[in-house]
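Novice: Sharing a structure with you now.
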Amino acid sequence: MKKIIFQKILLDCLIFFLIAIFGISSIIWVFQAVNFLDIMIEDGRNYNVYILYTLLNFPKIITKVLPFCIFFSFSYVFIKYEMNNELIIFWNHGIEKIRVVNFFLILSFLILLFQIIMLTVIVPKSQEIARSQIRTSSVDYFEGLIKPQKFNDTVKGLTVYAEEKNSSDEFINIYIKKSSSNTFQITFAKKGVFELKGDRKILVLYDGQTLNNNGGKVTNFKFSKSDFGLDNMVSHMVVHRKLQEQSTSGLIECVKSVYEKKQKRILNCDHSNLRNVYQELFKRLISPFYLPLLILISSINLLIPKEKVGYLRYRLLVFLFGLLVLIVSESSLGLIDKEFIKNIFLILVPLFLISITYLILIFKLKFNLAKT
């Protein structure tokens with residue numbers, strides 16, 4: 001019977017937690033996906049790149065909202081059990097309150113393990129794959145790059161301008177400049193239109209002229225019709241691997257190489273960038289340890305009977321305490337120093353708070369038991 005009771009409260013907590021995390025993550029993902037439309041429209045990427053890029057950012061969103069969802073979900077279920085007198089079933093079957101706390105503390109370490117795996121393996125890999133999609137894809141949606149009355153230099157070495165676009169989808173008075181290190185090409189045309197040639201669209205220009213400058217040698221020719229080459233263009237979008245996309249083992253190797261004064265070909269792996277590396281490692285390996293603390297704080301709601309004077313005030317204090325822990329867990333990243341010895345205190349903070357909170361709960365439970 002006791003096993004069934006624990007399974008019931010665990011199932012309720014996990015179901016509400018999954019609904020909360022996927023609901024909140026989906027809302028954030030939708031808003032983020034709208035912002036990522038620039039990848040397709042402004043940067044000239046196709047729909048497949050856009051869809052894959054946005055989907056690969058979903059694991060990162062989950063890890064961001066997980067701490068709040070854990071605290072909110074468990075607190076809600078525990079308060080609901082107390083308000084519906086369902087906790088009486090536990091006490092009537094001789095289940096000690098400390099056993100309930102220990103049960104959820106063990107569960108919290110399983111969630112901690114899940115979060116660490118997400119942050120150290122899945123999120124960096126998904127971010128790296130997402131960035132590689134941008135890095136390896138071509139800029140092949142040029143029709144969206146030309147906007148009337150607006151200079152567009154999204155593509156590296158290319159500036160495009162059109163005075164207007166008529167009802168026949170023809171661009172009027174087009175200006176295009178292609179440039180590289182010591183050469184440039186300027187093309188003017190009275191009209192331009194995208195036409196389907198084979199399996200892709202190309203820009204066809206009518207009644208114009210092109211000015212070429214190659215190492216100071218200038219040439220000029222007029223044309224009645226010309227296909228403008230848009231192949232092998234590269235956008236200005238940042239495509240190098242960011243710190244968040246590096247593997248955890250690579251970041252650790254970077255730290256070792258800096259202290260051992262060895263050359264390491266990974267990101268900007270030097271002493272000046274060490275603080276950023278420590279911040280990323282702290283976020284992946286240390287911040288998840290705040291999760292057991294949040295669940296312990298949530299379990300305080302199991303120990304406060306609704307008949308207690310000032311019950312709502314106690315609930316508010318528990319909520320504010322959990323909110324404070326969430327703020328501390330996020331703001332502590334800003335306190336990371338590039339010297340490891342100065343970060344030891346920040347590393348020990350979550351472990352210290354878990355120990356203190358657990359000891360207070362044990363003391364409180366034993367004190368109440370002695371009173372009865």
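Novice: Among the residues in the range 50-60, are any β-branched (Val, Ile, Thr) and either surrounded by 19 or more Cβ atoms within 10 Å (Cβ to Cβ) or touching a Lys or Arg at 6+ places or on another chain (Cβ under 7 Å) (or both)?
Specialist: Yes, because at least one residue in the range 50-60 is β-branched (Val, Ile, Thr) and either surrounded by 19 or more Cβ atoms within 10 Å (Cβ to Cβ) or touching a Lys or Arg at 6+ places or on another chain (Cβ under 7 Å) (or both).
Novice: Let me ask something else. Taking only the range 83-98 into account, find how many residues are at pLDDT 85 or above and closer than 15 Å to Ile5 by Cβ.
Specialist: Of the residues in the range 83-98, 1 are at pLDDT 85 or above and closer than 15 Å to Ile5 by Cβ.
Novice: Also, I was wondering about something else. Looking only at the range 235-248, filter to residues that are within 13 Å of Glu128 (Cβ to Cβ) and not in a loop (DSSP other than H, G, I, E, B); which one of those is modelled with the lowest pLDDT?
Specialist: In this case the residue turns out to be Leu243.
Novice: Let me ask something else. Right, Leu326: modelled with pLDDT of 80 or more, open to solvent by 100 Å² or more (accessible area, probe 1.4 Å), part of a helix (DSSP H, G or I) and not small (Gly, Ala, Ser) or not?
Specialist: For Leu326, the condition - modelled with pLDDT of 80 or more, open to solvent by 100 Å² or more (accessible area, probe 1.4 Å), part of a helix (DSSP H, G or I) and not small (Gly, Ala, Ser) - is not met.
Novice: Before we move on, is Phe109 among the aromatic types (Phe, Trp, Tyr), modelled with pLDDT of 90 or more and touching a helix residue (DSSP H, G or I) at 6+ places or on another chain (Cβ under 8 Å)?
Specialist: Criteria met by Phe109.
Novice: Check the range 288-301 and report whether any residue there is modelled with pLDDT under 90 and not hydroxyl-bearing (Ser, Thr, Tyr).
Specialist: Yes, the range 288-301 contains a residue that is modelled with pLDDT under 90 and not hydroxyl-bearing (Ser, Thr, Tyr).
Novice: Do the conditions hold for Ile134, that is, is it under 20 Å from Pro59 (Cα atoms), modelled with pLDDT under 85, surrounded by 15 or more Cβ atoms within 10 Å (Cβ to Cβ) and in contact with a strand residue (DSSP E or B) (Cβ under 9 Å, 6 or more places away or on another chain)?
Specialist: When the stated conditions are applied, Ile134 passes them.
Novice: I need a count of the residues in the range 145-168 that are modelled with pLDDT under 75, outside any loop (DSSP other than H, G, I, E, B) and open to solvent by 40 Å² or more (accessible area, probe 1.4 Å).
Specialist: 2
Novice: Anything in the range 22-40 that is in contact with a Ser or Thr (Cβ under 8 Å, 6 or more places away or on another chain) and in a helix (DSSP H, G or I)? List them, or say none.
Specialist: Scanning the range 22-40 gives Trp29, Gln32, Ala33.
Novice: Counting just the residues of the range 276-301 that are without any contact (Cβ under 8 Å) to a residue 60 or more places away in the chain and open to solvent by 30 Å² or more (accessible area, probe 1.4 Å), which one comes out nearest to Phe68 (Cα to Cα)?
Specialist: Here the answer is Gln279.
Novice: Which count do you get for residues in the range 332-341 that are surrounded by 12 or more Cβ atoms within 10 Å (Cβ to Cβ), assigned to a helix (DSSP H, G or I) and modelled with pLDDT of 85 or more?
Specialist: Of the residues in the range 332-341, 3 are surrounded by 12 or more Cβ atoms within 10 Å (Cβ to Cβ), assigned to a helix (DSSP H, G or I) and modelled with pLDDT of 85 or more.
Novice: Given the criteria assigned to a helix (DSSP H, G or I) and more than 28 Å from Ser247 (Cα to Cα), does Ser298 qualify?
Specialist: Judged against the criteria, Ser298 is a match.
Novice: Only one of Tyr206, Tyr259 is at pLDDT 75 or above, open to solvent by less than 80 Å² (accessible area, probe 1.4 Å), out of contact with any helix residue (DSSP H, G or I) (no Cβ under 8 Å at 6 or more places or on another chain) and among the aromatic types (Phe, Trp, Tyr); which?
Specialist: Of the residues listed, the single one that is at pLDDT 75 or above, open to solvent by less than 80 Å² (accessible area, probe 1.4 Å), out of contact with any helix residue (DSSP H, G or I) (no Cβ under 8 Å at 6 or more places or on another chain) and among the aromatic types (Phe, Trp, Tyr) is Tyr206.
Novice: If you go through the range 63-106, how many residues are over 15 Å from Leu14 (Cβ atoms) and in a helix (DSSP H, G or I)?
Specialist: 21
Novice: Does Ser126 qualify as being small (Gly, Ala, Ser), within 30 Å of Leu302 (Cβ to Cβ) and at pLDDT 80 or above?
Specialist: no
Novice: Turning to a different aspect of this structure: Output the residue which, of all residues in the range 302-315 that are hydrophobic (A, V, I, L, M, F, W, C) and part of a helix (DSSP H, G or I), is surrounded by the fewest Cβ atoms within 10 Å (Cβ to Cβ).
Specialist: Once the filter is applied, the top-ranked residue is Leu312.
Novice: Between a residue in the range 120-136 that is within 12 Å of Val49 (Cβ to Cβ) and charged (D, E, K, R) and any residue that is part of a helix (DSSP H, G or I) and at pLDDT below 90, which pairs come within a Cβ distance under 6 Å, given they are 6 or more apart or on different chains?
Specialist: Here the result reads Arg131/Glu245, each pair linking the range 120-136 to a residue that is part of a helix (DSSP H, G or I) and at pLDDT below 90.
The values are calculated or read from the model by the stated rules, or taken from the named source; none is laboratory data. Not measured: the values here are computed from a predicted model. Positions of Cβ are backbone-derived with ideal geometry, glycine not excepted, and every protein chain shown enters the neighbour counts. Calculation scope for accessible area: heavy atoms of the full protein, side chains included, ligands and nucleic acids excluded. Shrake-Rupley method; radii C 1.70, N 1.55, O 1.52, S 1.80 Å.
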